[in-house]
Amino acid sequence: MKRRDFIKRSSLASGLFFVPNFIKNIESQSINNLGFRKLVIIQLSGGNDGLNSIIPYTNDVYYKNRPQISIKKNNLIKATDELGFHKSLAPLKNLYDQGYLTIINNVGYPNPNRSHFRSTDIWQTASDSNQYLDTGWLGRYIEKYGKIPYSGIEIDDSLSLIMKGKTINGIATKNPRTLFSNTQTPYFKKVLNYQSDQHLSEHNLGYLYKTMIEARSSAKYIYETSKTYKSTLDYPKNPFGKQLKTTAEFINSHLDSKVYYASMGGFDTHANQFNRQDRLLSTFSSAMEIFVKDLKQNNTFKDTLILVFSEFGRRVQQNGAGGTDHGAANNVYIIGENLKNKGFYNDAPDLLRLDKNGDIIHTVDFRSIYASILDKWLVVDDVSILNKTFKKLDFI
Amino acid sequence: MKQRHIQHLYWRAGFGIDVKKIDQLKSKSKNEIVKNLISDAKKINLLQLDLSEFNLIKNKSPKALRIEMGEEAYRKLRQKSQKKVRDLNHAWLERLTEPTSVLREKMTLFWSNVFVCRDNHIFHIQHFNNTLRKNALGNFRELVKTIAKEASMSKYLNNRQNRKKSPNENFARELMELFTLGIGNYTEQDIKEAARAFTGWSFKLNGDFVLREKQHDSGIKTFFDKSGYFDGDDIIDLILEKKQCARFICDKVYRYFVNPIIDESHLDEITTIFYKDYDINNLMVHIFSAKWFYNDKNIGVKIKSPVELLVGIRRVVPVTFMKKNQLNYLQKMMGQVLLYPENVSGWKGGKNWIDSNTLMFRMKLASLILNDAVINLEEKGAFEDSFNKYYNKERKRNKYIKTIKNWDVFTKNHLKLKPNELRDLLIISKLDKDTADLLNELRVNSNKDYCIQLMSIPEYQLC
């Protein structure tokens, strides 16, 4: 059969078939009972240098360790008596001034790992440092509470571990039209149009069909719902701006999706950090400011919480190439309208008490942040998602 | 032997089988066919890139080279050598498409996901890969002991930082947790004692193992309730004394080669055999000869790994990739890049390969490489990338996968096949009833088109 015929036959055929029960069940499933709240997670991939983002400008140890790359006192935006924002984070400082930002310092975990891959795994799966999990913490949330792929969307073309569950995963897309068209290829469509799900089993073949059906219905739902809102705001013309714009369009078109994840690359600044990080922070914060504005204009900011993290911070002491090497604990940004603990949540890092690598020691376990978000923001059972009890924090 | 059983054997012991080979084997008995497979696997064809331009790296220390060549030139040489790991990835993938020594190659791939390792030192990682290949069907005891002395492993699990004064437990822990026993079969104290036994195990520039006596703790260790002046080899022997070790490996073997769902009595059976002498070859012969291996419930029920899927297609239609980088793209989009495992626990496999995105991509794979389907998705950037590079992977790529398809070979091999014969050749899983109806209704114009169509149904994802 020719390809053209194949397509023709499928389009002819599609009207003739019943919508199978199995598909109906999936499509009518509602995740509305989970409420209106959204969670957006941004990873600054590569390991953002937190010390040069939020600068301890009265700390001599900081200046001594970074003769070439420290940010001078007169070249930053002071926020408190000891901490100031990198000047490229001015848009973030605006959010801070409006009470929309909480900064949690010294976030990490025991026995920190300094490999990008491993530490990203740890942050994405919420595991211990010596534990290997094959599901992500958002994936487990999707599996237990969302129950359908589009309850979690990654703004990319392939899915990260953070969004993976055991048998239900989130879905990745940076372009809903492309995603949709990929479920409309002749073979994919044709097979599904023939599928009556009468004999799908729990085994692998049944699992494949089930995943296809879910993929198609999620892609259709995301595409058809999100096209009802197109953002008119002027996002920075770069890929990260586009990721946030797409996220805003998803949220403002009132997609039922609950959790979003996007990764911004480029933060592995081993060399010539000064100018590179300057540009990165500017790209990040200017897009973030527009994103918040977009949500506010559409009255969705009040229902959205944004969490920004890196897989690790960087070493206190600069290296020989005008950069910094992989470190440990780092600061995390929480952005939202109704924060309980605005501004700085805890003390700045203690630079006199570093670990044996010369890295910042964590005082807040990142999973305490997850637990607080699950419990207080998404209002679900954090222990069953994180497999452990973590102390909850008081920022929301 | 029945055709379906031959296909089953060759999908598990290799990457599928072509119609010519089936015709050769059909009249033979199971014993003969398994014997054939085993004797074909005796050949050890090492994977070796031409690395002569990087010999300096192998012979002189970075410090000496920096002085001799200058910082910049040294950095460039190093980076260039690190890129060779990608070439090794491509060479390995090409190797898997070759029809000889299939069982050895399949075992090598299997072991690479047991002894998971990653290294950007091309000499060391190539050596590591060949160690797996050499020992793939040998003795498991030898395999573990050799792996423990590999430079790449020493780096990957920090054993070279494991010194008498400050032991590093990483290798000792993963040796037991991931390579031999599984979690819960040892104590934290066992790890500490084992780590002491591996102190001072290091390597020379060229990758050769060396015991640094001064950093080795030669004192008495107490491990699994036994005490002695144990070194690393002794620890490995003590681990292998436990039947749990044989069971742990047989469990992996069973899930990989037989069925992702364990049949306890079959697992007991092969564990007993393996525990006797840890002979890998004997274990595999036993499995492939067992009646239960050919039970219907074991056939066509495994989700192919991305590499099995890709190689399997190429075994039916020979394909040459014009842009080797596009092989990386395909691997990345499906979540399995050889030599670049995500972490030491390896790829989980099975349902873990599948999510909405990977499934759509996998079902389009045959169209992408055989039918010039358009690429409309981008791979993720790398951690080390700059902002621009992180997002701009696609600029380097054409919008479709550039391949030369050798349809002549396919046509010659499959000329006389009727549609249902071609279907039975390509699809080994049970057909979903509705999809079977769909296939029956198709008007098949050419085996070439039908081949791509068959490779695009969900059943082709299974082996």
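Please treat every number below as a calculation from the coordinates, not as lab data. This is a predicted model, so every value here is computed, not measured. Positions of Cβ are generated from backbone atoms using ideal geometry, with glycine treated the same way; all protein chains shown enter the neighbour counts.
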Test of understanding: what is the full-extension gain from A:Asn299 to A:Arg353, defined as 0.36 nm times their sequence separation minus their Cα-Cα distance? 15.0 nm
Per its Cα gyration tensor (rounded if a/c is under 1.5, else prolate when a/b beats b/c, else oblate), the protein assembly as shown is best filed as oblate
Between B:Asp233 and A:Ala90, what is the label-to-label distance in nm when each label sits 7 Å out along the Cα-to-Cβ direction? 6.9 nm
Compute the normalised compactness of segment A:58-114: alpha-carbon radius of gyration over 2.2 N^0.38 Å, N being the residue count. 1.34
Kirkwood-based shape ratio for segment A:111-168, expressed as Rg/Rh from alpha carbons: 1.01
Separation of the B:Asn282 and B:Lys58 label points, Cα + 7 Å toward Cβ, nm: 3.6 nm
Which residue, A:Leu92, A:Leu179, A:Leu354, has the most motion in a Gaussian network model of chain A that connects Cα atoms within less than 10 Å? A:Leu354
In nm², the average projected area of the convex hull spanned by the Cα atoms of segment A:213-360 is 11.4 nm²
Cα-based Kirkwood hydrodynamic radius, chain A, one decimal, Å: 22.3 Å
Could you tell me which of rounded, prolate or oblate describes segment A:273-363, using a ≥ b ≥ c as the square roots of the eigenvalues of the alpha-carbon gyration tensor, with rounded for a/c under 1.5 and, failing that, prolate when a/b is larger than b/c and oblate otherwise? oblate
With N denoting the number of residues in segment B:306-461, provide Rg(C-alpha) divided by 2.2 N^0.38 Å, to two decimal places. 1.14
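Starting from the Cα-Cα distance between B:Glu68 and B:Ala382, subtract it from 0.36 nm times their residue separation and give me the gain in nm to one decimal.
In short, 109.9 nm is gained.
Sum up the charges of everything whose Cβ sits under 10 Å from the Cβ of B:Val116, counting Lys and Arg as +1 and Asp and Glu as -1, but leave B:Val116 out.
Spelling it out: positives minus negatives among the neighbours equals -1.
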Relative contact order (percent, whole number), chain B, Cα cutoff 8 Å, 6+ residue spacing: 16 percent
Full extension between B:Glu241 and B:His90 adds, at 0.36 nm per residue less the Cα distance, a length in nm of 50.5 nm
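Kindly provide the helix-only [θ] at 222 nm of the protein assembly as shown, computed as the sum of -39,500 (n - 2.57) over DSSP H runs of four or more divided by all residues, to the nearest 500 deg cm²/dmol?
Roughly -13500 deg cm²/dmol at 222 nm, from the helical runs in the protein assembly as shown.
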Determine the alpha carbon to alpha carbon distance for each of B:Lys2/B:Lys28; B:Lys106/B:Lys405; A:Lys38/A:Lys340; A:Lys190/B:Lys412 and list only those over 19 Å. B:Lys106/B:Lys405; A:Lys190/B:Lys412
Give me the percent of DSSP beta bridges within the protein assembly as shown that run antiparallel, rounded to the nearest 5. 55 percent
Under 5 Å between amide hydrogens, which residues at least 5 positions from A:Thr304 or on another chain qualify, with H placed 1.01 Å from N in the peptide plane? A:Lys38, A:Glu337
I'd like to know how chain B sits against the 2.2 N^0.38 Å rule of thumb: what's its Cα Rg over that expected value? 1.05
Filtered hits (aspartates and glutamates, Cα-Cα < 17 Å from A:Lys72, offset >= 8 within chain) -> A:Asp49, A:Asp60, A:Asp81, A:Glu82, A:Asp278
Honestly segment B:311-350 on the Cα gyration tensor test (a ≥ b ≥ c root eigenvalues; a/c under 1.5 rounded, otherwise a/b vs b/c for prolate or oblate) is just oblate
Sequence-distant aspartates and glutamates (8 or more away, or on other chains) whose Cα lies within less than 17 Å of A:Lys293: A:Asp97, A:Asp234, A:Glu249, A:Asp303, A:Glu337
If you place +1 on the Cβ of every Lys and Arg and -1 on the Cβ of every Asp and Glu, how big does the dipole about the Cα centre of the protein assembly as shown come out, in debye to the nearest 20? 2340 debye
Between B:Asp40 and A:Arg177, what is the label-point separation in nm under the 7 Å Cα-to-beta-carbon projection? 4.9 nm
Spread of Cα-to-Cα distances over 10 Å intervals beginning at zero, given as percent, for segment B:31-98: 16, 33, 22, 15, 9, 4, 0
Label point 7 Å out from B:Arg4 along Cα-to-Cβ: which residues of segment B:290-323 have amide N under 17 Å? B:291-302
Restricting to lysines and to Cα separations under 17 Å from B:Lys145, and discarding same-chain partners fewer than 8 apart, the set is B:Lys134, B:Lys155, B:Lys242
Rounded to two decimals, the Debye log10 I(q)/I(0) of segment A:352-396 (Cα scatterers, no solvent) at q = 0.28, 0.29, 0.32 Å⁻¹ is -0.90, -0.95, -1.11
Residue pairs, from the table A:Lys164/A:Lys388; B:Lys42/B:Lys84; B:Lys84/B:Lys324; A:Lys189/A:Lys245; B:Lys84/B:Lys304, whose Cα atoms sit over 21 Å apart: B:Lys42/B:Lys84; A:Lys189/A:Lys245; B:Lys84/B:Lys304
Between B:Arg255 and A:Asn387, take the C-beta separation as r, use R0 = 35 Å, and let me know the FRET efficiency to the nearest 0.05. 0.90
Amide H neighbours of A:Gly343 under 5 Å, counting only residues 5+ apart in sequence or on other chains, H built in-plane at 1.01 Å? A:Leu101, A:Thr102, A:Ile103
Contact order normalised by residue count of segment B:346-463, Cα under 8 Å, 6+ apart, percent: 31 percent
Using the beta-carbon distance between B:Lys76 and A:Lys64 and R0 = 25 Å, what value does 1/(1 + (r/R0)^6) give for FRET efficiency, to the nearest 0.05? 0.15
